[in-house]
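Down below is the structure, laid out as structure tokens.
Laboratory data are not the source of any read-out in this text; all were calculated from the coordinates shown. It should be emphasised that the depicted structure is a prediction, and the values quoted were computed from it without experimental measurement. Using ideal geometry, Cβ is built from the backbone for each residue, glycine included, and neighbour counts are taken over all protein chains shown.
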């Protein structure tokens with residue numbers, strides 16, 4: 001206790017939700033960290049880890065980025081003024097990042113997809129990625145590489161036991 005400050009032992013900073021579907025359907029080109037504008041009951045619901053990002057995407061409108069189709073469940077202990085579960089939520093990015101993303105989406109036909117939502121110093125952040133869609137062959141190749149990697153690990157584990 002050098003400065004009289006306690007280190008918190010609880011694990012409050014961490015991942016709230018992952019979008020595993022995005023890594024299956026898209027090839028990630030570049031990642032960004034964005035803040036997200038939420039109402040009070042949305043924040044409480046996010047901290048309770050009742051968020052689904054599997055069908056969500058980011059839309060560029062009027063020079064701003066919005067998270068669309070993300071489901072944040074209603075807060076259980078909320079009242080009649082609870083939030084709309086699928087509303088558009090503004091993402092907080094630097095202007096240079098917004099312009100760069102808008103150009104990439106327009107010219108290259110890329111998609112912006114949320115990868116995970118997490119807490120960072122008490123604030124809710126969203127990791128978004130500039131992505132290209134995978135073809136069926138790309139998905140097969142990924143599965144084949146994953147299977148080969150698992151086989152190699154099994155072989156190494158088997159060699160260790162001998």
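Note on residue 121/residue 27: beta-carbon distance plugged into 1/(1 + (r/R0)^6) with R0 of 25 Å gives a FRET efficiency of 0.25.
Per residue, the convex hull spanned by the alpha carbons of the stretch 16-162 comes to 151 Å³. Taken along the Cα-to-beta-carbon direction at a fixed 7 Å, the label points for residue 64 and residue 77 span 3.0 nm. Shape of the stretch 106-162 from its Cα gyration tensor (a ≥ b ≥ c, root eigenvalues): rounded if a/c is under 1.5, otherwise prolate when a/b > b/c, or oblate? The shape class here is oblate. Helices in the chain, meaning DSSP H runs of at least 4 residues, each add -39500 (n - 2.57). Divided by all residues, the mean residue ellipticity at 222 nm is -10500 deg cm²/dmol.
Using the Cα gyration tensor of the stretch 26-89, with a ≥ b ≥ c the square roots of its eigenvalues, what is the shape: rounded (a/c below 1.5), prolate (a/b larger than b/c) or oblate (neither)? Here the stretch 26-89 falls in the prolate category. For a paramagnetic label modelled on residue 94 (point 7 Å from Cα along Cα→Cβ), amide N atoms under 16 Å away belong, within the stretch 31-51, to 31-35. Under 25 °C and 0.890 mPa s, how fast does the stretch 70-116 diffuse according to Stokes-Einstein, given a Kirkwood radius computed over C-alpha pairs? Answer in µm²/s, whole number. Translational diffusion coefficient: 182 µm²/s.
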